[in-house]
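The values are calculated or read from the model by the stated rules, or taken from the named source; none is laboratory data. Predicted, not measured: the structure shown is a model, and the values here were computed from it. Quick reminder, even Gly has a Cβ in these numbers, built from the backbone with ideal geometry, and neighbours come from all protein chains shown.
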Amino acid sequence: MRLALVALALGTLVGVINHVAVIAGFLDPPPGFEPALFIRNLDVPQYLTWGALARDHWLLPNYHAPWRTEPALFQPMLQFVGKSGLPPVLAHYGLQFLLYWVTAWVLLLAAKTFCQTRRQVVYASIAMVSALPLKLIGWAVAKWVGAALPVQLGLAYGLIEYSYETADGFLRGGLSNSFTLTFGTAVTVGSFTLLAQYCRTGTRKYLFGLCILAFFGALLHPFEVFLVAFGAIFPLLRMKRPFEILLVGGAGALGLVPYLVQSVRSGWVRDASDIAQWQMTSPVWVMLTYGLPVILICWLMAMRFRGPDPEDDVLQSWFLSTALLPMVPAIPVAIHLFDGFTYCVGFLLVRKVAQDKLFQRYGDRLRPLAWAGAALSLAVLFTSYFQIYTDGKSADPMIGRPAVVARDERAMLDWMRLHLVRDRLVLAPEEMAPWVAALPQVAMASHDVFSIGFDEQREAIKRFRAGDMSVIDTYGVSYVVSEQRLAAGNLLQSEGRYALYEFPGRVMKPYTRPTSPRRNAFRQWVFALFGADQK
């Protein structure tokens, strides 16, 4: 019971910190704006779109692409949101905070597994908090000393690296608060904890738990499973248990089957998955993005690679797998392999330091450095989240994303939700388009991945704004939201600076592969084995 209460408190605290932008927008929206209740990035409206579509579909069509698309996307996590019967805001945040609490509970269990004393838990926590991008530290220092604005902006990408690019849905976030990331982090931390318990005790229940987690992790979020399967290889080989390696990998592969089936069946799902690729160019990126704790681990591993306990084998295998697997081009959205990496770093660093003779000899003298590093990291994080808070309530944020919406945009979206014919294509301003899709309504250029030709569609919209009306017939646009008055089309509604026009008789075209999707050779070979149409 005590562990559950601590997890509840920790998960709630983390959730509140991650949503400071949303809180700022709710408490203090600027004149002419109102709380958006969500941070305005591309991830949130995507999930809201899928949740809205899940009310009526088990397999989802693609409302971010400007074509007719068959229901084909397998998204079981969003089925919970869509079919819950709750309002979207409650369903979204209810699942988010439930997963915060679950992840906190899993992390506390991991601390009991990998840390031998409370002091080690404290130092592991310091390492986790201190795993900051070097650019983020540089940006904070530049801000403190009042460096020139170009210098600050040159380092500001460190804030994006920490709060968006490597957000893990728990300690790292603020600009990307996704329950899918939180779930992925829980799966990752739970997996290396169960693997360590099995390697330590040989008790089969931990192996079965790992297989169940690999299966459901792959079924609900099909990315971290590659790390789970690969990270388990070395520790299980050390135990001379090759069958268990196949068991874990097979459980994960079974969870991936629905995604493979739908990718083979649907051309647009294949193309979207081709675009949704992220590949790391060098492990140096890991050191630059996770900072001094990772650099220190690399040095300690060079001094003494082997650890005395099975827990060391598991953590080192996980660390190296995470640092190397993202360079494999066949792994989809490899950035998700870093979900949970921060916690592996914290536990591994504490164990490495405890085993190192130099640190044992000079530990008392070096301890103040650890606390100084913790103080510096907390100061950097306070500065970062204060910036996220400030940007959250701003109509024109400096670095982050707003969590406010203009009143005329909200009024137009509300009117469209009530009056537009469903399944007709809408052309809307770029900042508004993702939220049109979330109505739900098919929206052009509304997502960088699932629009499947995002840049091409943006260019077509620019030509339309310049007077080229051909986009209307090329894509079959039925509705246009414009900030300038149009000579063509029937005016349906005006809200502030926005006007909504209808172009009767236009019909969306069937899905046709655009020229922009990148094709991964290995993936195309796999699809070809199953006879998937690659035209």
Filter segment 407-438 for residues that are over 15 Å from ARG40 (Cα atoms) and not in a helix (DSSP H, G or I) and give the result.
LEU420, VAL421, ARG422, ASP423, ARG424, LEU425, VAL426, LEU427, ALA428
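Yes or no, residue by residue, for (1) more than 30 Å from VAL122 (Cβ to Cβ); (2) acidic (Asp, Glu); (3) touching a residue at least 60 places away in the same chain (Cβ under 8 Å); (4) touching a Lys or Arg at 6+ places or on another chain (Cβ under 6 Å):
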{"site": "LEU369", "(1), (2), (3), (4)": "no, no, no, no"}
{"site": "THR390", "(1), (2), (3), (4)": "yes, no, yes, no"}
{"site": "MET412", "(1), (2), (3), (4)": "yes, no, yes, no"}
{"site": "ARG422", "(1), (2), (3), (4)": "yes, no, no, no"}
{"site": "VAL426", "(1), (2), (3), (4)": "yes, no, no, no"}
{"site": "ALA433", "(1), (2), (3), (4)": "yes, no, no, no"}
{"site": "PRO440", "(1), (2), (3), (4)": "yes, no, yes, no"}
With the structure loaded, tell me whether PHE347 is farther than 22 Å from ILE275 by Cα, of a type in the set (Phe, Trp, Tyr) and either within 19 Å of the chain's Cα centre (by Cα) or not in a loop (DSSP other than H, G, I, E, B) (or both) or whether it fails that test.
yes
Taking GLY255 as the residue in question, decide whether it is in contact with a helix residue (DSSP H, G or I) (Cβ under 7 Å, 6 or more places away or on another chain), of a type in the set (Gly, Ala, Ser) and farther than 21 Å from ALA323 by Cα.
yes
Could you please let me know if PHE243 is at pLDDT below 95, surrounded by fewer than 18 Cβ atoms within 10 Å (Cβ to Cβ) and either not in a loop (DSSP other than H, G, I, E, B) or not assigned by TED's automatic domain parsing to the domain that holds HIS92 (or both)?
yes
In this structure, is PHE192 hydrophobic (A, V, I, L, M, F, W, C), part of a helix (DSSP H, G or I), crowded, with 21+ Cβ neighbours inside 10 Å and touching a Gly at 6+ places or on another chain (Cβ under 8 Å)?
yes
Among (1) farther than 22 Å from VAL421 by Cα; (2) surrounded by fewer than 22 Cβ atoms within 10 Å (Cβ to Cβ), ASP56 falls short only on (1)
Being within 19 Å of ALA167 (Cβ to Cβ) and buried (at least 20 other Cβ atoms within 10 Å of the Cβ) is the filter here, so list the residues in segment 386-399 that pass it.
GLN387, ILE388, TYR389, ASP391, GLY392
Enumeration of residues in segment 25-52 that are part of a helix (DSSP H, G or I), hydrophobic (A, V, I, L, M, F, W, C) and surrounded by fewer than 22 Cβ atoms within 10 Å (Cβ to Cβ)
PHE26, LEU27
Test for GLY190: is it modelled with pLDDT of 95 or more and either under 20 Å from the mean Cα position of the chain (by Cα) or of a type in the set (A, V, I, L, M, F, W, C) (or both)
yes
